[in-house]
Amino acid sequence: MAMLIMLCVLVGLLVFGISLGIYLHSSPLLRRGIRTSAVCVNVGQVAAGSMLLLEYTPVGAPARQHTVGPFVFPPVRVGGRMDVIYDPKRPQEVSLPERLPKSTRGLVIAMVVSGAVLAACAVWIV
């Protein structure tokens, strides 16, 4: 029984942590993100594929660079353009539009369910 409770705690913590991390990254970008065009300034290779170094210029701020990937088939070459979404309050927070969830509702549900699992485990322990 103790092993089952520990497994529930570990799964609950893992799901909660992953959901919270994605929520904290995605939520500001979904609420106030600004879409802009970024230019590919370099393509590098890693074991899993190609990494792209993109350069974008936030409104009223200096140009910034962000690495995205890996891609099996890179969507652009050096000099090509891709859309990115950045947070105007924290311009270093950037993502590709297709890598953002459509909403954070599912993330909140995952956090609530995993929190309930953790609470149930705490009740079992006590």
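Just a few scattered comments:
- Residue that is most open to solvent (accessible area, probe 1.4 Å) [pool: residues in region 1-54 that are touching a residue at least 12 places away in the same chain (Cβ under 8 Å) and of a type in the set (D, E, K, R)]: 35
- Hits in region 66-81 - residues which are assigned to a strand (DSSP E or B), of a type outside the set (Phe, Trp, Tyr) and modelled with pLDDT under 95: 66, 67, 68, 69, 70
- Boolean, residue 101 is within 18 Å of residue 21 (Cα to Cα) and in a loop (DSSP other than H, G, I, E, B): yes
- Some residue of region 82-89 being at pLDDT below 85, of a type in the set (A, V, I, L, M) and more than 30 Å from residue 120 (Cα to Cα): no
- Within region 55-65, considering residues that are open to solvent by less than 70 Å² (accessible area, probe 1.4 Å) and of a type in the set (Gly, Ala, Ser), the one modelled with the highest pLDDT: 63
- Given (1) in contact with a helix residue (DSSP H, G or I) (Cβ under 6 Å, 6 or more places away or on another chain); (2) not in a helix (DSSP H, G or I), index of the condition residue 40 fails: (1)
The values are calculated or read from the model by the stated rules, or taken from the named source; none is laboratory data. Because the structure is predicted, anything quoted here is derived from the model rather than measured. Every residue, glycine as well, gets a Cβ built from its backbone with ideal geometry; the counts of neighbours run over all protein chains shown. Just so you know, the surface numbers come from the protein's heavy atoms only, side chains and all, with ligands and any DNA or RNA stripped out. Shrake-Rupley method; radii C 1.70, N 1.55, O 1.52, S 1.80 Å.
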